[in-house]
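Colleague: The structure that follows is given in the form of structure tokens.
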Amino acid sequence: MNRLSHPARVSPATVNPPATRGRTTLRTSVFSALATLSMLAAAPAMADVLHFDNLLPDVYESGQTLNTSSYNLLFLADPTTAAGGGVSGVGAILDGRAGSSCDIAACPQGATGNYLAILNDGGVNFSRADHQAFTLGGFDYSFIAPVSGLPDQNWGQLQLSGTLSNGQVVTTSLAFPGQGSDGNYAFRTASLLGGFSNYVFTGLTFNACIFNESGMCSNSLDFPAFNQGQFALDNINISAVPEPSTYMLLLAGLGAIGMLSRRRAGKIVGNASVQGA
């Protein structure tokens with residue numbers, strides 16, 4: 001570009017190449033920015049997998065928050081305790097390789113490391129520490145039976161409740177996996193229903209309900225689950241979603257690059273026509 005600022009050094013035979021380079025610079029800049037935009041758009045596919053193996057086994061009370069892998073996990077009390085303003089033990093990081101992890105409940109089989117246990121009819125809410133939105137790609141889950149040796153039947157459901165950026169709440173539920181041939185409950189990969197994996201959340205709550213004598217799956221103040229609404233989560237595939245403003249800034253940058261490159265290309269063509277005359 002510096003040679004074009006000295007017309008005396010440019011012959012008519014070299015007029016077109018600089019102009020072509022100007023257009024190439026425009027295309028290169030735009031393509032580079034478009035590539036960056038494509039990479040940004042693909043960012044949500046680069047998910048975090050919360051597997052809890054980096055945490056030590058521990059127990060948590062309702063109201064406590066566990067911070068891990070850029071996410072905040074808020075433990076929620078069972079409905080009866082919450083209504084009375086009390087605190088209860090509802091969360092635990094358990095080691096699936098240690099048989100002593102569960103001495104008063106039947107821990108699920110199949111975990112190769114630590115997992116998150118939600119006990120005593122409690123729940124857990126996930127949110128991003130940086131307040132960005134996120135999507136849920138999948139997870140492994142299991143029922144935690146209050147005692148071992150129960151008949152193999154559908155005791156309850158895992159319930160998911162997600163809050164969207166506009167405040168709307170969407171819900172879905174999954175039947176708990178049944179027992180294996182050894183009579184134990186085991187982890188299974190969730191099959192998300194109703195396009196639930198397509199939603200973008202600002203918060204996501206997991207809890208459980210238990211079927212009562214009337215066939216209703218409940219865990220509420222009026223219809224408590226009597227500390228049987230317990231479940232385990234592992235390998236939670238969860239992805240941050242960039243703010244829409246990030247895309248807008250990049251698009252604005254594309255427009256600025258294009259305008260500046262067109263102006264430069266115009267100057268090159270203008271100088272070339274004068275020098276070739």
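Colleague: Work out from phi, with θ = phi - 60° and the Karplus expression 6.51 cos²θ - 1.76 cosθ + 1.60, the ³J(HN,Hα) of each residue of the stretch 50-66, listed in order in whole Hz, and give x for Gly and Pro.
Modeller: For the stretch 50-66, the Karplus-derived couplings read 7, 10, 6, 6, 8, 10, 7, x, 6, 10, 9, 9, 4, x, 7, 10, 9 Hz, x marking Gly and Pro.
Colleague: Right, here's the next one. In terms of the Cα gyration tensor, with a ≥ b ≥ c the square roots of its eigenvalues, is the stretch 134-225 rounded because a/c is under 1.5, prolate because a/b exceeds b/c, or oblate? Mind showing how you got there, number by number?
Modeller: On the way: a/c = 2.83, a/b = 1.53, b/c = 1.85.
Since a/c reaches 1.5 but b/c is at least a/b, the shape of the stretch 134-225 is classed as oblate.
Colleague: Among 218-228, 201-211, how do they line up by average Cβ neighbours within 10 Å per residue, starting with the highest? Could the numbers behind the result be given before it?
Modeller: Details: 218-228: 16.4, 201-211: 21.0.
Output ranking for 218-228, 201-211: 201-211, 218-228.
Colleague: Here's something else I'd like to know. Measure off 7 Å from each Cα along the Cα-to-Cβ vector at T65 and A175, then give the distance between these two points in nanometres to one decimal.
Modeller: 3.8 nm
Colleague: Then there's this: Work out how much length S100 to D182 would gain on full extension: take 0.36 nm times their residue separation and subtract the Cα-Cα distance, in nm to one decimal.
Modeller: Here the segment from S100 to D182 would lengthen by 27.7 nm.
Colleague: Rounded to whole Å, give me the distance from the Cα center of the stretch 118-143 to that of the stretch 55-91.
Modeller: Cα centres, the stretch 118-143 to the stretch 55-91: 12 Å.
Colleague: Still on this structure, I have one more. Can you tell me the length gained on complete extension of the stretch Q132 to V147, counting 0.36 nm per residue apart and subtracting the Cα distance?
Modeller: Working: separation 15, 0.36 × 15 = 5.40 nm, distance 3.96 nm.
Gain in length upon complete extension: 1.4 nm.
Colleague: For the stretch 74-81, take each phi angle, set θ = phi - 60°, evaluate the Karplus expression 6.51 cos²θ - 1.76 cosθ + 1.60, and give the result in whole Hz per residue in order, putting x for glycine and proline.
Modeller: So the J values, rounded to whole Hz, are 9, 7, 10, 6, 5, x, 5, 5.
Each value in this text was obtained by applying a stated rule to the coordinates, not by laboratory testing. Computed from a predicted structure; not experimentally measured. For neighbour counting, all protein chains shown are included, and Cβ atoms are generated from backbone atoms with ideal geometry for every residue, glycine included.
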